[in-house]
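Enquirer: To start, I am sharing the structure in question, which I have written as structure tokens.
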Amino acid sequence: MFVMSLFSRRTLFALGAVVSLCVALPALAHHGWSWASEDWFELEGTLTDLYIGQPHPTVTLNDGQTDWTVELAPVQRTLAAGFDETVVAIGDTVIAHGHRALDESDYRMKAVRLVIGDATYDVYPEFAAELDQ
């Protein structure tokens, strides 16, 4: 009976671990940076669209030839950095610092810092600090 009880607990634990992993993997894939290059990238463009919402706020910047989707930090982090729809307007020039998509045909980047005029918004300050070195 002890062997059966031990086997059942191990089986139940393993099953729980597998279920947890299956639930967590899609979230990790979405929130990961695996699609982005490790190299720093700077994009300057005209703001053509702004979205502050889940899962991540985004801005669309046109560099004169192409519309780029610039993904920011999760909503609360982006707002905590001081960036929201009141600090920028369609038509403003925005400079985004971060990491572009590995696939160069994908005009998308993950920004860690936005610069609008004299204002700087570090949506990932722990990474943006590397820009100041």
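Enquirer: Of everything in the range 118-129, what is without any contact (Cβ under 8 Å) to a residue 24 or more places away in the chain and surrounded by fewer than 14 Cβ atoms within 10 Å (Cβ to Cβ)? Give them in sequence order.
Expert: Asp118, Glu126, Ala129, listed by residue number.
Enquirer: Give me a count of the residues in the range 84-114 that are surrounded by 14 or more Cβ atoms within 10 Å (Cβ to Cβ), hydrophobic (A, V, I, L, M, F, W, C) and under 15 Å from Trp40 (Cα atoms).
Expert: 7
Enquirer: Take Glu85 and decide whether it is of a type outside the set (Gly, Ala, Ser), assigned to a loop (DSSP other than H, G, I, E, B) and out of contact with any strand residue (DSSP E or B) (no Cβ under 9 Å at 6 or more places or on another chain).
Expert: So Glu85 does not fit the description; no.
Enquirer: Looking at (1) within 14 Å of Tyr107 (Cβ to Cβ); (2) loosely packed, with under 15 Cβ neighbours inside 10 Å, which is the only condition Trp33 fails?
Expert: For Trp33, the exception is condition (1).
Enquirer: Take the residues in the range 45-80 that are in contact with a Ser or Thr (Cβ under 9 Å, 6 or more places away or on another chain) and either among the basic types (Lys, Arg) or in a loop (DSSP other than H, G, I, E, B) (or both), then tell me which one is surrounded by the fewest Cβ atoms within 10 Å (Cβ to Cβ).
Expert: Gly64
Since every read-out is calculated from the coordinates, none of them should be taken as a lab result. Not measured: the values here are computed from a predicted model. Every residue, glycine among them, receives a Cβ derived from its backbone with ideal geometry; neighbour counts consider all protein chains shown.
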